[in-house]
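For reference, the structure discussed in these notes is given below.
The values are calculated or read from the model by the stated rules, or taken from the named source; none is laboratory data. Bear in mind that the values here come from a model prediction, so they are computed numbers and not experimental data. So basically every Cβ, Gly included, is an ideal-geometry build from the backbone, and we count neighbours across all protein chains shown. For the accessible areas, the whole protein counts, side chains as well, though only heavy atoms, and no ligand, DNA or RNA atoms are used. Shrake-Rupley method; radii C 1.70, N 1.55, O 1.52, S 1.80 Å.
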Amino acid sequence: MLSRPTRWLDLFLQIATIAMIVALACVVLLGVAYRYSGQSLIWYDEVAAALLAWITFTGAALAVVRNSHMGFNGLMFGLPGAGRFVLFGLVEFLFLTICAITAWAGWAILEIFGDEVMTTVRFVPRAVLQGILPVSFGLMILGRLLTLPERLQAVRDGVDPDTAEIEHEIARAEAELAEARGKSHRTPGAHKEVTQ
């Protein structure tokens with residue numbers, strides 16, 4: 001069960017990512033319509049690239065919050081208890097360190113750009129485009145720290161979240177199949193009563 005702050009962060013990232021996907025779709029459709037009519041939008045490529053970058057990195061932060069990014073859970077949960085804790089601690093340290101370095105580097109890049117603006121959309125500072133690095137990696141750190149208790153508990157229990165999710169989905173599918181079979185067995189009898 002996710003904590004309330006984790007659920008709020010998850011919801012925020014979902015809304016932000018979906019809003020940018022919709023905005024990107026609108027920009028692409030507008031660009032196609034203009035090109036089809038023989039015109040072209042000067043800002044189309046730059047805005048679409050900026051939106052795609054933001055979608056990619058907010059989606060990555062959402063994957064971190066949901067613990068859905070690529071990992072080696074089979075390796076970690078295949079180890080005995082002490083080995084799991086050592087590998088878990090090492091992975092967390094490396095992940096948080098790399099994210100912190102990337103967030104710091106992204107912030108340093110913003111200072112290099114200074115007052116520069118985007119090439120085609122002159123009223124938008126370049127910091128808006130480049131700001132995705134410190135923002136997204138800061139959100140990744142926050143998401144990783146918020147989900148730490150649940151992930152640590154899974155390591156303590158030796159329960160692989162991927163395996164648990166697969167087992168849950170199999171059980172759900174079996175229950176739906178049993179329900180569908182039960183309905184199909186009841187339906188012919190009900191049909192006979194109606195026709196008699």
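A few points about this structure:
- Relative protection proxy for 45-53, 16-24, from highest mean packing down: 45-53, 16-24 (other beta-carbon atoms within 10 angstrom).
- In this structure the amide hydrogen of VAL117, modeled in the peptide plane, comes within under 5 Å of the amide hydrogens of ARG126, none closer than 5 places in sequence on its chain.
- The Cβ shell under 15 Å around LEU94 holds other residues with a net charge of +1, Lys and Arg each +1, Asp and Glu each -1.
- In this structure segment 34-110 gives 62 Å² per residue of accessible area when probed at 1.4 Å with all protein chains present.
- Stokes-Einstein translational diffusion, segment 56-144 - Kirkwood Rh over all Cα pairs, 0.692 mPa s, 37 °C, in µm²/s: 221 µm²/s
- Calculated from backbone phi, Karplus (6.51, -1.76, 1.60) coupling profile of segment 36-51 in Hz, x at Gly/Pro: 5, 7, x, 9, 8, 8, 5, 9, 4, 4, 5, 5, 4, 5, 5, 4
- Rounded to whole numbers, the Karplus 3J(HN,Hα) couplings from phi for segment 102-114 are 5, 5, 5, 4, x, 5, 5, 5, 4, 5, 5, 5, x Hz, using 6.51 cos²θ - 1.76 cosθ + 1.60 with θ = phi - 60°, and x at Gly and Pro.
- Net length gained if the chain between VAL22 and THR163 were fully extended (0.36 nm per residue, minus Cα distance): 47.4 nm
- Every Cα-Cα pair of the chain was included, and the share exceeding 24 Å stands at 60 percent.
- What a 1.4 Å probe finds exposed on segment 25-130 is 73% carbon and sulfur by accessible area, rounded to a whole percent.
- With the convex hull drawn over the C-alpha atoms of segment 111-172, the volume per residue is 153 Å³.
- Along segment 16-25 the Karplus relation, 6.51 cos²θ - 1.76 cosθ + 1.60 evaluated at θ = phi - 60°, assigns HN-Hα couplings of 4, 5, 5, 4, 6, 5, 5, 4, 5, 4 Hz to successive residues, with x for each Gly and Pro.
- Cα long-axis angle, helix 161-195 against the chain (0 to 90 degrees, to the nearest 10): 50 degrees
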